[in-house]
Amino acid sequence: MKRGTVSSYFALLSAVILTSQAQAATLTLKAPFEGAAPAAEIVKPDADPKCKLMHPEGIDPGAVIVNPNGTLKNVFVYAKEGVAGKFEAPKTAVLFDQKGCAYSPKVFGIQTGQPLEILNSDDTLHNVHALAKNSKEFNLGMPIKGMKLKKTFDKPEVMVKIKCEVHPWMGAYAGVLDHPFFGVTSEDGSAVIKDLPAGEYTIEAWHEKYGTQTQKVTVSDQDQEISFPFKA
Amino acid sequence: MFHKNLYHYSLFTAAATLILLGAGGLVTSTGSGLSVPDWPLSYGKFFPPMIGGIRFEHSHRLIAAFVGFCTFGLSIWLWRVDRRPLMRVLSISASVAILAQALLGGLTVKFMLPTPVSVSHACLGQTFFCLLCVIVLLLSREWKEATVTPSAAAPVFFRLCCTAATFAYAQLVAGAVVRHTGGKGIEVHLFLAFFIVVHLLFLNVRLFLDRPLTERLGAQMILLNGLVLFQLFLGLGTYLVKYLIEKAAQPRPVEVLLATAHQTVGALILASLILLVLRARRLFSPSGKTSSPSEFLELMKPRLTLTALLATLAGYLLASGEASDLARLFHTMLGAFLLGSGGNALNQYFERDADARMPRTQNRPLPGGRLDPILALWFGWIISLTGLLELLLFVSPLTAGLGLVIFLSYVFIYTPLKRRTTLNTFVGAVPGALPFLLGWVAGEGPLLSANAAALFLILYLWQLPHFYAIAWVYRDDYRLGGFQMLPQRDPSGKETASQIVLFSVLLFAAALMPFHTGLSGVFYLVVAAASSAVFLVLAIRLLRDLSKAKQFVTASIVYLCTLMMSLLVDKT
């Protein structure tokens, strides 16, 4: 290799590194689902007459939701490795509702220090038990309709299980992170991570039933689409 | 003094506590421990809506409050009327325990079920129940007015009970850990279960071999056995549905029921063992008859059994040709020995009154008063069944079946028949002849064959002159014992002697049969014919002089041995 070629190579490399500091891209993550969706395990909410009234046919705890376009809902995707720097927690709260004897949303992401607003929209008694291991665990009663509580998680943890001790079928998962690069697949089976700075990342996809999978991604200024295929 | 009302009140408190234990168990089994996040109030109220897990958690709190008040009442009442120092300690402990238990319950809710607190809550709950059961026992009429019975086995039984109760308490802790950690330490739990069952078996043996213990503690022991058996099934069921089947969104009713029953029955077993410890201490004094091993040996009539065993050995060797399979031969001999010994022990148990009347037998362990009859009965049964099992497991079902026929016909047909009819000898000759066939079958000789029939016939017919002669020799004894033997209705002995001759003639013919069936050769034929002729001559001599009957008995044994030896030597 000629001397000139080597030096021009290094020049190019340093240019890429320098410019990448400013570059960022949007990552779109897809969760295609292969195979038949498992039959829902319908729970009879007989223990609470008010839940029974709202769900006379029974409740699907909703561990697996396959969208009409053959994708998987409620997959939590996030940058597991590669994120540098500190990120201020947003002041806007994540709303976590207890409605129709179920949690909404069932899977969500939240930043450390970001307020979690817990609401009871049901005319029945709920309690919310967050089984956090890194942050402080809490178990709070919400006996009155319209009651609100604010809580925060102070340490990252994927995932924190949240359950209702009165209604055992009610379960939700919170992905707690110290950065904003996460998303949850929606009704079209995709999630978006915005403004991800250029660099090398390990992206993980988590699902309640089908576990986790990871991919390494190099981000530049080009928007990318990554697929995490899940199998029944 | 027995205080009836106080006793009933304490019983009521203990029963309410058992229900409380069940209710507490339901909270854990249904996973409702955190359905009410606050304590001591429930959602800030005395009565929250009873929905979901709140039903279980709040019911548990309500029952606990009730039991708490019952306990305070009990403590006050006891303090006023019962001045026994132990009772003072117990009554204060009960109130302190229920308060501490309530606090632990509150702590486990506040700190969201930390394992150490939940396990302590579970253990203290059952400890409190045991405490109440002890109070009930100490208030009972039995405890206050009991007379002390001497029992030799009581000290050992007491110590065994203590160990078993200690293991049961350890089992409570292990069980609570398994329950509150979702299956951790289940190996320890199983291991302890094994230990407790083994102790229970020993307790049973000790208890039922001792008459005073059996009379006073037998009922509780049987109940305890039932509880432990039930508990084993519950434990197995809980394990199957909880840890082997995939978890459901909410605990299945069968899971809840099994796990709750398992912990509640566990409490009953623990309490029962503790009460057994105390009762064993209170009701017995360590004295009375002791039994030495030599008495048991005598009970087995080892010489008689060994004689029968020789016939079994001969049968085995005749069938298999040689002792090729030593293990099988060993198991045959051991099984037959145990079965025979057990039969002899049971026979002596049933005839202990008759034996006491006969000079020849009145010094046997049972009539001599050196052994408790109930001990002999159990010993006989255990030895016989062990022998049967030995034959069944290590030899063959057919051998065991034949063993069972010998055992039953000897103990339950021949033994009672001896007192009723002189025909008993014909019946008794069957179990007398069968040990030989037992060996034959064990040695894999065909049961339904001419050879087997010939050999059985020889052994059967041999018994008749042999036992008639014995009956004559001991005719006075048998009369005293109340046994119906031919010489009893034949004072001159003419009929007895004639029968001996008659069967000796038949025996002569039977003795030649193995040659005809092809079992043996000419050598045997010659020896059998010669010895049978001599035996017949000796029999005919008895017609004139029955006083030689004793020598005839000896001669009959020599004669039989000669036949067997020549059969073995000249086996074709």
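The values are calculated or read from the model by the stated rules, or taken from the named source; none is laboratory data. Keep in mind that what you see is a predicted model, and the values were worked out from it rather than measured. Using ideal geometry, Cβ is built from the backbone for each residue, glycine included, and neighbour counts are taken over all protein chains shown.
Points worth noting:
- Of the residues A:G85, A:G113, the single one that is touching a strand residue (DSSP E or B) at 6+ places or on another chain (Cβ under 9 Å) and either assigned to a loop (DSSP other than H, G, I, E, B) or more than 14 Å from chain B (Cβ to nearest Cβ) (or both) is A:G85.
- Residue count, segment B:231-253 (criterion: more than 14 Å from chain A (Cβ to nearest Cβ) and in contact with a helix residue (DSSP H, G or I) (Cβ under 6 Å, 6 or more places away or on another chain)): 7
- Residue check: B:V119 meets all listed conditions (1) touching a residue at least 12 places away in the same chain (Cβ under 8 Å); (2) within 14 Å of chain A (Cβ to nearest Cβ) but one, namely (2).
- Filter pass, A:Q98 being assigned to a loop (DSSP other than H, G, I, E, B) and either under 17 Å from A:I162 (Cβ atoms) or within 14 Å of chain B (Cβ to nearest Cβ) (or both): no
- Given (1) away from every other protein chain (no Cβ under 14 Å); (2) closer than 30 Å to A:D123 by Cβ; (3) surrounded by fewer than 16 Cβ atoms within 10 Å (Cβ to Cβ); (4) of a type in the set (A, V, I, L, M, F, W, C), index of the condition B:I63 fails: (3)
To keep it simple, each residue is scored yes or no on (1) under 26 Å from B:S396 (Cβ atoms); (2) in the same structural domain as B:R352 (by TED's automatic domain parsing).
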site	(1), (2)
B:F436	yes, yes
B:W440	yes, yes
B:A454	yes, no
B:A471	no, no
B:K494	no, no
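- Cβ-Cβ distances below 6 Å connect the following pairs, each with a first residue in segment B:482-499 that is farther than 17 Å from B:L464 by Cβ, a second residue that is assigned to a loop (DSSP other than H, G, I, E, B), and a separation of six or more residues or different chains: B:G482/B:R419.
- A single entry from A:V184, A:V219 fulfils the requirement of being within 22 Å of A:G100 (Cα to Cα) and of a type in the set (A, V, I, L, M): A:V184.
- All positions within segment B:282-332 that are modelled with pLDDT under 80 and among the aromatic types (F, W, Y): B:F296
- Filter pass, B:V198 being touching a helix residue (DSSP H, G or I) at 6+ places or on another chain (Cβ under 8 Å), in the same structural domain as B:R279 (by TED's automatic domain parsing) and in a helix (DSSP H, G or I): no
- Filtering segment A:187-206 for residues that are within 14 Å of another protein chain (Cβ to nearest Cβ) and part of a strand (DSSP E or B) leaves an empty set.
- Scanning segment A:31-53 for residues that are part of a loop (DSSP other than H, G, I, E, B), more than 14 Å from every other protein chain (Cβ to nearest Cβ) and exposed (fewer than 12 other Cβ atoms within 10 Å of the Cβ) yields A:G35, A:A36.
- Segment B:500-519, residues that are under 45 Å from the mean Cα position of the chain (by Cα) and buried (at least 18 other Cβ atoms within 10 Å of the Cβ): B:I500, B:F503, B:S504, B:L507, B:A510, B:A511, B:M513, B:P514, B:L519
- Residue that is surrounded by fewer than 17 Cβ atoms within 10 Å (Cβ to Cβ), within 14 Å of chain A (Cβ to nearest Cβ) and either farther than 21 Å from B:L268 by Cα or modelled with pLDDT of 95 or more (or both), where the choices are B:M112, B:M50: B:M50
Residues checked against (1) outside the structural domain of B:P253 (by TED's automatic domain parsing); (2) more than 15 Å from A:E165 (Cα to Cα); (3) in contact (Cβ under 8 Å) with a residue 12 or more places away in the chain:
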{"residue": "B:H8", "(1), (2), (3)": "yes, yes, no"}
{"residue": "B:G31", "(1), (2), (3)": "yes, no, yes"}
{"residue": "B:H58", "(1), (2), (3)": "yes, no, yes"}
{"residue": "B:F69", "(1), (2), (3)": "yes, yes, no"}
{"residue": "B:F72", "(1), (2), (3)": "yes, yes, yes"}
{"residue": "B:I76", "(1), (2), (3)": "yes, yes, no"}
{"residue": "B:L86", "(1), (2), (3)": "yes, yes, yes"}
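- Note on segment B:509-524: residues that are outside any helix (DSSP H, G or I) and within 16 Å of B:L459 (Cβ to Cβ) amount to 3.
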